[in-house]
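Structure record follows, encoded as C-alpha cells.
The values are calculated or read from the model by the stated rules, or taken from the named source; none is laboratory data. All values reported here derive from a predicted model rather than from experimental measurement. Ideal geometry is used to build each Cβ from the backbone, glycine not excepted, and the neighbour counts take in all protein chains shown. Calculation scope for accessible area: heavy atoms of the full protein, side chains included, ligands and nucleic acids excluded. Shrake-Rupley method; radii C 1.70, N 1.55, O 1.52, S 1.80 Å.
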Amino acid sequence: MDILISNHSKEAIYNQIKYQIKEKVFSGELKEGDTLPSMRQLARDLHVSVITTKRAYEELEKEGFIYSIVGKGSFIAEQNPEVIKEKKLTTIEEKLIEVIANSKELGLSLPEIKEWMTILYEEE
Amino acid sequence: MENVIELKNIYKSYKNFQIEDLSLQVKKGFVTGFIGANGAGKSTVMKLMMNLIRPDSGEVKMFGMDYSKHEKEIKKRIGFVFDDDILYKELTLHDMKKLIAPCYKQWQDSLFREYCDRLELPLNQKMNTFSKGMKMKASLVMALSHQPDLLIMDEPTAGLDPIVRRQFIELLQDVMLDEEKTIFLSTHIISDLAPIADFITFINSGEIVFSKALHEIEEKYAIVRGSLELLDRDTEQYFLSIKRTDVGFEALTSDYQQIKEVFQDEVIVEKANLEEIMYYSKGGQGNVAFD
C-alpha cells in the first residue's frame, strides 16, 4: 500500500494520511478486514511522529473506516454501501463541475458537451 | 497516558540561576523534545532526571519510583546520551564495551554488534581518533545496547552532519516501534525534531512555558503582521509578544482562531514555527521595541 505525504503541503500530515487511506477504501484497493500497518510502523516508514499516525488512525476509527483490536492492530471496517455511493456521487459531481468550467473557458455550449458525452458514453 | 518522568514542584537555586516550582511530565511511548535557549535550564532539568543533582525541594519520580529508594532499578532502565567527551580516549569501542556491558544485566551483545554494523562504527579503532559524529553514534550505541525503557539525550544532534543526523533520527524511530519505550531529548536544532517529536516542552528562564503535542502548537501559535494603526490597548491583549518597526508590527499569538476572527483580512497570519515561538518568548510578555 502506497502512502505518499508532502511535508510542504498546507494540509496537515495526519489529514494527508487519512485522505489517502479513505481513497483506497473508496477505490476498493483496501477491503474489509485488510490489515493496516501499525501506527508505529507507519510513523517510522513515513518519517513522522507517532502522534501524527495515531491521530490519523483515531479519526479514521471515529468515522467508521477502520477498527482496532488491542495487541492485534488496525483493520479496514465493513463499509456501508450507501455511504460509499454518496461519496462516489460527490466525486463525480466535482469532476463534472470541472468539465463544465473548462468547457466554458473554451466557449463550448451545453448541447455540444452533451453530444460529446453521449458519444463517449456509448463507446464505453 | 502513563508518565515515565514526573517532576513536581521542584525548587533548585544556584548563585545566578534558579528553578522555582517547576513541574513537568513525560509521557510513556512517545518522543518529547525539550527546547529552550542556552542557559534556560535544560541541562539542570536533565541532571535532576538523572539524579546527578538533587532538588532543594520537590519530587522527582522516574517510572513512578523515587531515587532515594530505587536508584539502581531506575538507572538500569535509562540510557543517557549527552554531548560531551565521555568516552575513554585510549580505548577502542570493543574495550569500552567490555567495561560497560557487565554493569547491565540487560546488555545484549548481538544488539550492540548490530548497531555498530548499521552505523558503520569500527570496533578496533581508538576512540580519540573518532570524528564528532562517530563519538555521538558510539555513545548512542552504548546507551541502546542495554535496552533501556527511557532514553534521555542532551543535545544529541549538535554538530552532526546531515547524513549522520538522519541515521540517528532513523535509529530513534526504530526504537519507538516499541510502545514501551520513551525518548526525552533536548536540542537546539529544531528541524531535527519535526519528524519525530510527539510532544514539545519549552523552558525559558527556569520556567516551563508550555508542554504540548507538536500538532497542537502548530495549530494554535501564529505570527501576525499588520499595520501599527491596528494596535491599541485592547488589541494588544491578543498577543503574547509584539515587535514594532517603522513598517508595521510582528507579533506572536497562541490563539490562531481568535486572531482570524478579530482582525479578519487586515493582518497577515502565518503559522509560527518553534524557532519563532522561542524567539518571541525570549522577548518576554511585554512589548519589545526594535531599534
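Just one of (1) modelled with pLDDT under 90; (2) open to solvent by 50 Å² or more (accessible area, probe 1.4 Å) trips up B:L87, so point out which.
(2)
Kindly evaluate A:G107 against the criterion of being free of Cβ contacts under 8 Å to residues at least 40 places away in the same chain, small (G, A, S) and touching a Leu at 6+ places or on another chain (Cβ under 9 Å). Steps first, answer last, please.
On the way: free of Cβ contacts under 8 Å to residues at least 40 places away in the same chain: yes; small (G, A, S): yes; touching a Leu at 6+ places or on another chain (Cβ under 9 Å): no.
When the stated conditions are applied, A:G107 does not pass them.
Looking at region B:9-22, can you tell me whether even one residue there is at pLDDT 95 or above, of a type in the set (A, V, I, L, M) and within 22 Å of A:I51 (Cβ to Cβ)?
Checked against the condition, which is being at pLDDT 95 or above, of a type in the set (A, V, I, L, M) and within 22 Å of A:I51 (Cβ to Cβ), region B:9-22 yields no hits at all.
Check off (1) in contact (Cβ under 8 Å) with a residue 24 or more places away in the chain; (2) away from chain A (no Cβ under 14 Å); (3) open to solvent by 20 Å² or more (accessible area, probe 1.4 Å) for B:F202 and give me the number that stays unchecked.
Just one mismatch for B:F202, condition (3).
Suppose we filter A:I113, A:I17, A:I92 for residues that are part of a helix (DSSP H, G or I) and either within 14 Å of another protein chain (Cβ to nearest Cβ) or closer than 30 Å to B:N273 by Cβ (or both); which single one remains? Steps first, answer last, please.
Details: A:I113 fails: either within 14 Å of another protein chain (Cβ to nearest Cβ) or closer than 30 Å to B:N273 by Cβ (or both); A:I92 fails: either within 14 Å of another protein chain (Cβ to nearest Cβ) or closer than 30 Å to B:N273 by Cβ (or both).
Criteria check complete, one pass: A:I17.
State which residue pairs qualify: first residue more than 16 Å from B:L240 (Cβ to Cβ) and inside region B:257-272, second residue open to solvent by 60 Å² or more (accessible area, probe 1.4 Å) and part of a strand (DSSP E or B) in any location, beta carbons under 7 Å apart, and separation of 6 or more residues or different chains.
B:I268/B:R225
Restricting to region A:43-79, name every residue that is at pLDDT below 90 and either under 26 Å from B:A194 (Cβ atoms) or among the polar types (S, T, N, Q) (or both).
A:Q79
If you check every pair at least six apart or on different chains, which have Cβ atoms under 9 Å apart with a residue in region A:59-74 that is closer than 18 Å to A:G28 by Cβ first and a residue that is in a strand (DSSP E or B) and hydroxyl-bearing (S, T, Y) second?
As it stands, the answer is A:L60/A:S74; A:I66/A:S74, since those pairs meet every condition given.
Return the pair list, or none, for Cβ contacts closer than 8 Å from residues in region B:123-137 that are among the polar types (S, T, N, Q) to residues that are at pLDDT 85 or above, at least 6 apart or on different chains.
Listed pairs, sorted by first residue: B:N124/B:T92; B:N124/B:L93; B:N124/B:H94; B:Q125/B:T92; B:Q125/B:L93.
Which one of A:S49, A:S27 is open to solvent by 50 Å² or more (accessible area, probe 1.4 Å) and of a type in the set (S, T, N, Q)? Can you show your working first?
On the way: A:S49 fails: open to solvent by 50 Å² or more (accessible area, probe 1.4 Å).
Criteria check complete, one pass: A:S27.
Restricting the first residue to region A:20-38 and requiring it to be part of a loop (DSSP other than H, G, I, E, B), which pairs with a second residue that is hydroxyl-bearing (S, T, Y) meet a Cβ separation below 8 Å and a spacing of at least six or different chains?
Cβ pairs passing all conditions: A:S38/A:S74.
When the residues of region A:30-41 are narrowed to those that are buried (at least 19 other Cβ atoms within 10 Å of the Cβ) and over 11 Å from the mean Cα position of the chain (by Cα), which ends up farthest from the other protein chains (Cβ to nearest Cβ)? Reasoning before the result, please.
We begin by selecting, within region A:30-41, every residue buried (at least 19 other Cβ atoms within 10 Å of the Cβ); these are A:30, A:36, A:39-40.
Add one more test, that the residue is over 11 Å from the mean Cα position of the chain (by Cα), and what stays is A:36, A:39-40.
On the way: A:L36: 15, A:M39: 9, A:R40: 5 Å.
Taking the candidates together, the pick is A:L36.
Could you pull out the residue among A:R55, A:R44 that is within 12 Å of another protein chain (Cβ to nearest Cβ), assigned to a helix (DSSP H, G or I) and either touching a residue at least 60 places away in the same chain (Cβ under 8 Å) or in contact with a Phe, Trp or Tyr (Cβ under 9 Å, 6 or more places away or on another chain) (or both)? Can you show your working first?
Values: A:R44 fails: either touching a residue at least 60 places away in the same chain (Cβ under 8 Å) or in contact with a Phe, Trp or Tyr (Cβ under 9 Å, 6 or more places away or on another chain) (or both).
Matching residue, one of A:R55, A:R44: A:R55.
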